[in-house]
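Step one of this worksheet: look at the structure below.
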Amino acid sequence: MVFYFTGTGNSYQAALALCPEGEEPLDLAKCLREGRSVISLEKGEALGIVCPVYYGGVPGTVLEFARSLKISSPPDYCYVLLTCASSASGAAGQLAEALAEKGVTLHAAYTVIMPENDVIHYTISPEEERDAILTDAAETLKVISRCVAERRRLGLHIPPRGKMITQAAYPYYEQDRETKHFYVDDQCVGCGKCVERCPVEAMVMENGRPRWVKDKCALCMACIRCGAVHYDEATKGKKRYVNPILKSCH
């Protein structure tokens, strides 16, 4: 059973690569919204969580999901696959602690490098570079898929520097995910697609315009796609990255 969290598609693509043929990964944000936190695993079935790395850690929604899990018996094999543009830092350790609260041991942590999609802090790389990264990622995902199939128990090997990065950076995530930073400009046509894409329902349509109704969001930036939604002045004039697999179905 594979759960995923994604804003712009990288982790969705990775989750698909880990699913047995004919099986779809489960949107953990949707499960959380709908109160579907009870998990029943078949004998020998693995539990996988695929998500991006935010500020050296995992998205708040993923931690919330992990802490809400209700499992009749711990899985024989539990793993996390982290998608990131450079380093996963101490994100796996952070998730391992949340799962341990529910009596679940994280047996392996995998990382796959995918195109940068943090449009708030970085300029998105050129298309040719993104295509090359995705090609390499596809090969890496094949290797990880085999490791999962073989139930490789790799444990968690997080270097001290990775832990330090997470400890130093993650508090800023809690500050930056405050929705007061978001707004729409005059380019907005009131289509409502940004509201539909928000995985944590932090937005609603009101008088033909999106409005943020929660104090904090996941900071997945799924809403920043059309050019009308902005995060302070940090995203103005920047091109947005969306994984091709998400473009084809959303």
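Checked against the criteria, ALA218 does not count as over 28 Å from ALA14 (Cβ atoms) and surrounded by 14 or more Cβ atoms within 10 Å (Cβ to Cβ).
Residue-wise test of (1) crowded, with 21+ Cβ neighbours inside 10 Å; (2) among the hydroxyl-bearing types (Ser, Thr, Tyr).
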| position | (1), (2) |
| --- | --- |
| GLY35 | no, no |
| VAL53 | yes, no |
| GLY103 | no, no |
| HIS121 | no, no |
| GLU127 | no, no |
| THR135 | no, yes |
| GLU139 | no, no |
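Filtering ALA88, ALA46, ALA109, ALA96 for residues that are among the hydrophobic types (A, V, I, L, M, F, W, C), in contact (Cβ under 8 Å) with a residue 40 or more places away in the chain and buried (at least 23 other Cβ atoms within 10 Å of the Cβ) leaves a single hit, ALA88. Is region 219-226 home to any residue that is closer than 26 Å to PRO115 by Cα and basic (Lys, Arg)? Looking through region 219-226, at least one residue is closer than 26 Å to PRO115 by Cα and basic (Lys, Arg).
Per-residue answers, yes or no, for (1) under 17 Å from the mean Cα position of the chain (by Cα); (2) at pLDDT 95 or above; (3) open to solvent by 40 Å² or more (accessible area, probe 1.4 Å):
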| site | (1), (2), (3) |
| --- | --- |
| ILE165 | no, no, yes |
| ASP176 | yes, yes, no |
| ASN207 | no, no, yes |
| PRO210 | no, yes, no |
| LYS214 | no, yes, yes |
| ARG225 | yes, no, yes |
| VAL242 | yes, no, no |
| CYS249 | no, no, yes |
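Among the residues of region 128-148, some residue qualifies, meaning at least one is free of Cβ contacts under 8 Å to residues at least 12 places away in the same chain and among the polar types (S, T, N, Q). The criterion of being open to solvent by less than 80 Å² (accessible area, probe 1.4 Å), in contact with a His (Cβ under 8 Å, 6 or more places away or on another chain) and either small (Gly, Ala, Ser) or modelled with pLDDT under 95 (or both) does not hold for ARG153. Checked against (1) within 21 Å of ASN10 (Cβ to Cβ); (2) out of contact with any helix residue (DSSP H, G or I) (no Cβ under 6 Å at 6 or more places or on another chain); (3) modelled with pLDDT of 95 or more, LEU141 passes all but a single condition, namely (2). Would a scan of region 66-78 turn up a residue that is surrounded by 22 or more Cβ atoms within 10 Å (Cβ to Cβ) and either touching a residue at least 40 places away in the same chain (Cβ under 8 Å) or among the polar types (S, T, N, Q) (or both)? No: zero hits. Taken together, PRO52, PRO75 contain a single residue that is within 30 Å of VAL119 (Cα to Cα) and touching a strand residue (DSSP E or B) at 6+ places or on another chain (Cβ under 7 Å), which is PRO52.
The values are calculated or read from the model by the stated rules, or taken from the named source; none is laboratory data. It should be emphasised that the depicted structure is a prediction, and the values quoted were computed from it without experimental measurement. Neighbour counts are summed over all protein chains in view; Cβ atoms, including those assigned to glycine, are modelled from backbone coordinates with ideal geometry. Accessible surface is based on the protein model in full, side chains and every heavy atom, while ligands, DNA and RNA are left aside. Shrake-Rupley method; radii C 1.70, N 1.55, O 1.52, S 1.80 Å.
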